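The block underneath contains the structure these notes are about, expressed in structure tokens.
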Amino acid sequence: NRQITVADLPDGALEPRHFALAEAPMPEPAEGEVLLRTILMSIDAANRSWMQGATYRDAVRAGDAMPTYALCEVIESRSDRLAPGDIVATESVWADYVTRPARLVLKQPEIRPLSHLMSVYGIAGKTAFHGLVNVGRPIAGETILVSAAAGSVGGYVGQIGKALGCRVVGIAGGAEKCAWVVDHLGFDACVDYRAPGLYKALRAACPNGVDVYFDNVGGETLETALAVMNERGRVVCCGAISQYDTATPTGPRNLPGLVVVKRLRMEGFIVMDFADRDATALRALQTWVAEGRIRVSEDIVEGLENAPGALIGLLAGDNRGKRMVRVGPD
Ligand code: NDP
């Protein structure tokens, strides 16, 4: 049973030396617990933010096994809630095998491939749906702007926005990624934030201004996006990936001024806040996928040992769509 721990907490950019791979004893389930074999681990920008201190969950400390959201198969059950062979989703760690209290794992529906439970029907799709529909509340014909548009959450935000009849503009790093966002994901336009002149480029791509800005990155991009918002626009604060992996964070300098003048509503959310509406989200996403309005984009890295590189790469923007690590077969 291999396990990856956080050897040392980063105070700047995350590097391979911050992780250690070791053999751990095969865990044995106690009464009420299940033994789980890891199949897929979700690689999220949030993994890095947990290393910065307590967020909506406890901080990760040096020596801890790296926490993750995972899809697993039940191998042994000491609970009547679950049986061997069941596929479950759970908070877990970077390891081949883990034990978990059966009451804390969620049996998954029969959906194949399993990776769709991680991407479009998992946290990425649900975060995009709830953030856009329940927080941003766009109306057909409005303009939606979304950052990290080639990423997992951002890619679904744009495609949902199109399905709702909006004009959708993305922000992503590099001309090639921007072309992919338009050609493959069907956005109306996409602006490269690494090229100079972001404000002018956003003005040109959003001739009617921006009604909903779905912010995945924070920092300077948020500052520039605020400047192109329309009056009574909504800013959906989903994450701040530009601030997670740096020793020198930057924040928008035009707050709260622009919020006042433009009567903006800026609202943060955590996907779990809307768990009672997950069934609605799932039905809508399944319909859009079946109709071909949403393309499922997944970025699967093979092998537990490659998880640190997968996370470091995500923070550098080398993923297209939902990044996950395959630890074992479906
Ligand atoms: P993504 O798949 O979107 O990958 C992250 C992307 O962020 C990279 O591909 C990269 O794309 C971009 N990025 C990296 N560094 C920077 C930077 N310095 N400035 C701007 N963009 C950067 O990751 P996730 O889908 O996991 O996460 C997207 C966001 O959603 C995160 O902020 C995350 O914390 C948040 N989130 C929030 C949830 C909630 O409940 N509120 C739930 C899940 C995720 P590029 O090449 O374009 O720079």
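The values are calculated or read from the model by the stated rules, or taken from the named source; none is laboratory data. Note that the coordinates shown come from a computational prediction; the quantities given were computed from them, not determined experimentally. Every residue, glycine among them, receives a Cβ derived from its backbone with ideal geometry; neighbour counts consider all protein chains shown.
For the stretch 250-268, the condition holds for no residue, the condition being that it is within 10 Å of the ligand (Cβ to nearest atom), in the same structural domain as GLY158 (by TED's automatic domain parsing) and buried (at least 18 other Cβ atoms within 10 Å of the Cβ). The residues of the stretch 31-70 that are among the aromatic types (Phe, Trp, Tyr), over 18 Å from THR246 (Cβ atoms) and surrounded by 19 or more Cβ atoms within 10 Å (Cβ to Cβ) amount to a single one, TYR69. Would the stretch 153-168 turn up any residue that is in contact with a Gly (Cβ under 6 Å, 6 or more places away or on another chain) and at pLDDT below 95? For the stretch 153-168, residues in contact with a Gly (Cβ under 6 Å, 6 or more places away or on another chain) and at pLDDT below 95: absent.
Condition check for GLU28 on (1) surrounded by 15 or more Cβ atoms within 10 Å (Cβ to Cβ); (2) at pLDDT 95 or above; (3) closer than 26 Å to LEU114 by Cα: one failure, at (1). Before we move on, is ALA148 in a loop (DSSP other than H, G, I, E, B) and farther than 17 Å from SER42 by Cβ? No; evaluated as a whole, the condition is false for this residue.
Being touching a Lys or Arg at 6+ places or on another chain (Cβ under 6 Å), within 16 Å of the ligand (Cβ to nearest atom) and modelled with pLDDT of 95 or more is a property that GLY125 lacks.
No other residue among ASN208, ASN216 is within 15 Å of the ligand (Cβ to nearest atom) and over 10 Å from LEU145 (Cα atoms) apart from ASN216. The set of residues from the stretch 82-122 being at pLDDT 95 or above, out of contact with any Leu (no Cβ under 8 Å at 6 or more places or on another chain) and within 16 Å of the ligand (Cβ to nearest atom) comprises HIS116, SER119. If the condition is being buried (at least 16 other Cβ atoms within 10 Å of the Cβ) and under 19 Å from the mean Cα position of the chain (by Cα), then the stretch 73-108 contributes ALA89, THR90, SER92, VAL93, TRP94.
Filtering GLY313, GLY251, GLY309 for residues that are outside any helix (DSSP H, G or I) and not polar (S, T, N, Q) leaves a single hit, GLY251.
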